[in-house]
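The values are calculated or read from the model by the stated rules, or taken from the named source; none is laboratory data. Just so it is clear, the model here is predicted, and its values are computed rather than measured. No Cβ is skipped: glycine too gets one built from the backbone with ideal geometry, and neighbour counts run over all protein chains shown.
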Amino acid sequence: MIIDMFPGQGSQHVGMGKDLFPGYPQEIKEASELLGYDVVDACLNDDGQKLNFTQYTQPLLYLVCTLAYLNKKSKPDAVTGHSLGLYPALFAAGVVTFTQGLSIVKERARLMAQAQNGSMLAVIGADCDKLDDLLVSLGFTDVDVANDNTYTQRVLSGKKNRLDELKPLLQNHNFRVVSLAVSGAFHSRYMKEAASAFFNFLTPFQFAEPQIPVISTTHGGLITTSHLLEELAYQLVQPVRWRQSITQIISNNPQVIFNEVGPGHVLTQLNQQILAHNKDSK
């Protein structure tokens, strides 16, 4: 079984898509017109004005991931994605057209960028499984786990001032803590208004049935068209459960091959850590 997996924010870099753009002039034209700026210039000649801002990052990453999928010219048995990566996965499965997906991602990015005053912390350490209890004991029940990436890596979301208070406390508990360059508390309760507005935006869209299975990394199950609106809106306020989803896939399909489609190798590295831990714990 071969599963294509698509990355989310954090995998973008200046120069992404350089080898892909010449082969897809129509998609480049459509994307530039829909987004209102030169997407090739934004990806290749960025001076920090676009690529690291959510409202630009998400559409550009969707563009590069979908072109990378088209370019490889082979179909997987299933697809999945990390946060934003769900959208190129839906494109690969035939659920959305290229333009549909880009339109949706454009609005998703706009709504998420509007949700200010939040922030995120990457937390790395051997005791990540105790993080939930630690947050309670330290009095930070207003902080949510946004990403459960591996056994030793979580991402937290919350109000910026609260995360600033929390950071040294976690460091005192032997965690390595890195503040992420984002303006919102993504995948948390603080995205509730954005999720509600996003649901309303999505309501008129017509979605096709998946041609291949699409695996959710919110709940680990298969995504169906009948519940897609809820899935896409709900994703904004729920954690990305990457570790649990990958572990479940491997448990059901021990011979599975994962293929990362898009810029970078972030997901491949996460999977290697998950596999190594699972092997060591047997």
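Annotations for the structure displayed:
- Scan region 96-123 for residues that are loosely packed, with under 15 Cβ neighbours inside 10 Å and in contact (Cβ under 8 Å) with a residue 12 or more places away in the chain and the total you get is 4.
- Residue match in region 202-213 (condition: at pLDDT 95 or above, closer than 16 Å to Gln116 by Cα and β-branched (Val, Ile, Thr)): no
- Every residue from region 200-254 that is within 30 Å of Asn278 (Cα to Cα) and charged (D, E, K, R): Glu231, Arg241, Arg243
- The one condition from (1) farther than 19 Å from Gly8 by Cα; (2) at pLDDT 95 or above; (3) touching a helix residue (DSSP H, G or I) at 6+ places or on another chain (Cβ under 9 Å) that Phe186 does not meet is (1).
- Selection count where residues are closer than 24 Å to Ala115 by Cα and touching a Phe, Trp or Tyr at 6+ places or on another chain (Cβ under 7 Å), scope region 34-59: 2
- If the condition is being part of a helix (DSSP H, G or I) and in contact (Cβ under 8 Å) with a residue 40 or more places away in the chain, then region 212-230 contributes Thr225, Leu228.
- Where Asp127 falls short, out of the listed (1) modelled with pLDDT under 95; (2) touching a His at 6+ places or on another chain (Cβ under 9 Å); (3) crowded, with 21+ Cβ neighbours inside 10 Å: (3)
- Top-ranked residue in region 173-232 [being surrounded by fewer than 16 Cβ atoms within 10 Å (Cβ to Cβ) and of a type in the set (A, V, I, L, M); ranked as nearest to Asp4 (Cα to Cα)]: Leu222
- Candidates Lys72, Lys18, filtered to the one that is in the same structural domain as Pro210 (by TED's automatic domain parsing) and at pLDDT below 95: Lys72
- Residues (among the β-branched types (Val, Ile, Thr) and under 12 Å from Ala42 (Cβ atoms)) located in region 54-82: Thr57, Val64
- When region 203-255 is filtered for residues that are β-branched (Val, Ile, Thr) and either under 19 Å from Tyr151 (Cα atoms) or in contact with a strand residue (DSSP E or B) (Cβ under 6 Å, 6 or more places away or on another chain) (or both), the ones remaining, listed by number, are Ile212, Val214, Ile215, Thr217, Thr218, Ile223, Val240, Ile246, Thr247, Ile249, Ile250.
- Top-ranked residue of region 243-270 - restricted to ones that are free of Cβ contacts under 8 Å to residues at least 40 places away in the same chain and farther than 25 Å from Asp19 by Cα, ranked as surrounded by the most Cβ atoms within 10 Å (Cβ to Cβ): Ile246
- In summary, Asp129 fulfils each of the numbered conditions (1) under 22 Å from Leu267 (Cβ atoms); (2) in contact with a strand residue (DSSP E or B) (Cβ under 9 Å, 6 or more places away or on another chain); (3) not aliphatic (A, V, I, L, M); (4) not assigned by TED's automatic domain parsing to the domain that holds Phe199 with the single exception of condition (2).
- Of the helices (runs of 4 or more DSSP H) lying entirely inside region 87-193, those containing at least 1 residues that are within 30 Å of Pro204 (Cβ to Cβ) and not polar (S, T, N, Q) span 98-114.
- Boolean, Asn147 is touching a His at 6+ places or on another chain (Cβ under 8 Å) and not assigned by TED's automatic domain parsing to the domain that holds Gln244: yes
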